[in-house]
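K.L.:
Before anything else, here's the structure in question.
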Amino acid sequence: MRKKQNRPTGDDGLSPATSAGSPGLLVVISGPSGVGKGAVREALAASMPDLVYAVSATTREPRPGEVDGVHYHFLSGEEFRRRLDRGEFVEWANVYGHLYGTPGEPVYRLLREGRTVIMEKDVQGARTLRGVFPDGVFVFLLPPSVEELWRRQEGRATETEEGLAVRRQAVAAELAEVQWYDYAVVNDDLERAVAAVRAIITAERCRVRRVLSRWRMR
Ligand code: 5GP
């Protein structure tokens, strides 16, 4: 994995970006490949319809069923670089051999509007975002065990042998990053994991500073 980050700036393009004081809530979910981030996010979206998913850009090929603009913005390497050079990504990283980046403008706008924005990032991207949005909430999804994670990864029909090997190799380094996250949720049972993340979001929305910043907006 290789990490490189664009210099973060605020949505005015001048000031260092921060969500502190912004009325919205940023929720970043990380965890090793196969832990169930997508399933948790989809189930959350069904039960918390006011969550907004921030769509990332990637240079990887779409998997069957993935829709451009919904699951990812699927870009060529050239287009990704162009957007990177224009400073459009608030973070970007090389994950498992492909480039992934978070378009900054929609995130700043939604947070300013007081929305709860949820995103899935690898550990490198999450680290960058912690620096940019210190007020964000960072949740790490853990598998019940490493053996169970291997099993889930192998059960995924979407990866090539090579892709699987790369993802498997990254697991130990990814798990070591859990230390600095705000919350860790073990995904042993989808419903329980979703309930835990929902409780985290509900509690974080009730933090006095967030309630007051929304309340002052009225
Ligand atoms: P996948 O290719 O399986 O959809 O995602 C591979 C990894 O990239 C996952 O850990 C996912 O959370 C992460 N990822 C998705 N979008 C982004 C992004 O915009 N930035 C970063 N740093 N990681 C991302």
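K.L.:
State whether the residues of the stretch 143-158 include one that is surrounded by 23 or more Cβ atoms within 10 Å (Cβ to Cβ) and either of a type in the set (D, E, K, R) or not in a helix (DSSP H, G or I) (or both).
P.N.:
no
K.L.:
Which residues, taken from the stretch 170-188, are in contact with a Pro (Cβ under 6 Å, 6 or more places away or on another chain) and charged (D, E, K, R)?
P.N.:
GLU174, ASP188
K.L.:
Looking at SER19 and the list (1) of a type outside the set (A, V, I, L, M); (2) modelled with pLDDT of 95 or more; (3) outside any helix (DSSP H, G or I); (4) touching a Pro at 6+ places or on another chain (Cβ under 8 Å), which single condition is not satisfied?
P.N.:
Tallying (1) of a type outside the set (A, V, I, L, M); (2) modelled with pLDDT of 95 or more; (3) outside any helix (DSSP H, G or I); (4) touching a Pro at 6+ places or on another chain (Cβ under 8 Å), SER19 fails exactly one: (2).
K.L.:
Go through (1) within 12 Å of the chain's Cα centre (by Cα); (2) of a type in the set (A, V, I, L, M); (3) under 18 Å from GLN153 (Cβ atoms) for VAL35 and report which single condition fails.
P.N.:
The number of the failed condition is (1).
K.L.:
Separate question: Can you name the number of the only condition in (1) within 9 Å of the ligand (Cβ to nearest atom); (2) assigned to a strand (DSSP E or B) that HIS73 fails?
P.N.:
In the conditions (1) within 9 Å of the ligand (Cβ to nearest atom); (2) assigned to a strand (DSSP E or B), HIS73 misses (1) alone.
K.L.:
Condition (residue is of a type in the set (Asp, Glu) and within 12 Å of the ligand (Cβ to nearest atom)) applied to the stretch 146-155: is it met by at least one residue?
P.N.:
Scanning the stretch 146-155 turns up no residue that is of a type in the set (Asp, Glu) and within 12 Å of the ligand (Cβ to nearest atom).
K.L.:
Picking from VAL90, VAL139, VAL117, which residue would you name as being within 25 Å of TRP180 (Cα to Cα), touching a Pro at 6+ places or on another chain (Cβ under 6 Å) and modelled with pLDDT of 95 or more?
P.N.:
VAL90
K.L.:
Moving on to the next point. For the stretch 173-189, give me each residue that is outside any loop (DSSP other than H, G, I, E, B), surrounded by 13 or more Cβ atoms within 10 Å (Cβ to Cβ) and not charged (D, E, K, R).
P.N.:
LEU175, VAL178, TYR183, ALA184, VAL185, VAL186
K.L.:
Give just the number: which of (1) of a type outside the set (A, V, I, L, M, F, W, C); (2) in contact (Cβ under 8 Å) with a residue 40 or more places away in the chain; (3) in a loop (DSSP other than H, G, I, E, B); (4) away from the ligand (no atom under 13 Å from the Cβ) does ARG63 not satisfy?
P.N.:
(4)
K.L.:
While we're looking at this one, here's another question. Can you tell me which residues in the stretch 33-59 are of a type outside the set (A, V, I, L, M), within 13 Å of the ligand (Cβ to nearest atom), in a loop (DSSP other than H, G, I, E, B) and closer than 22 Å to VAL107 by Cα?
P.N.:
Residue satisfying the conditions is THR59 alone.
K.L.:
Taking ALA57 as the residue in question, decide whether it is closer than 30 Å to THR160 by Cβ and touching a helix residue (DSSP H, G or I) at 6+ places or on another chain (Cβ under 7 Å).
P.N.:
The answer is yes for ALA57.
K.L.:
So which of ALA195, ALA170, ALA165 is assigned to a helix (DSSP H, G or I), hydrophobic (A, V, I, L, M, F, W, C) and in contact (Cβ under 8 Å) with a residue 12 or more places away in the chain?
P.N.:
The unique qualifying residue is ALA170.
The values are calculated or read from the model by the stated rules, or taken from the named source; none is laboratory data. Quantities reported herein were computed from a predicted structural model and do not represent experimental measurements. Quick reminder, even Gly has a Cβ in these numbers, built from the backbone with ideal geometry, and neighbours come from all protein chains shown.
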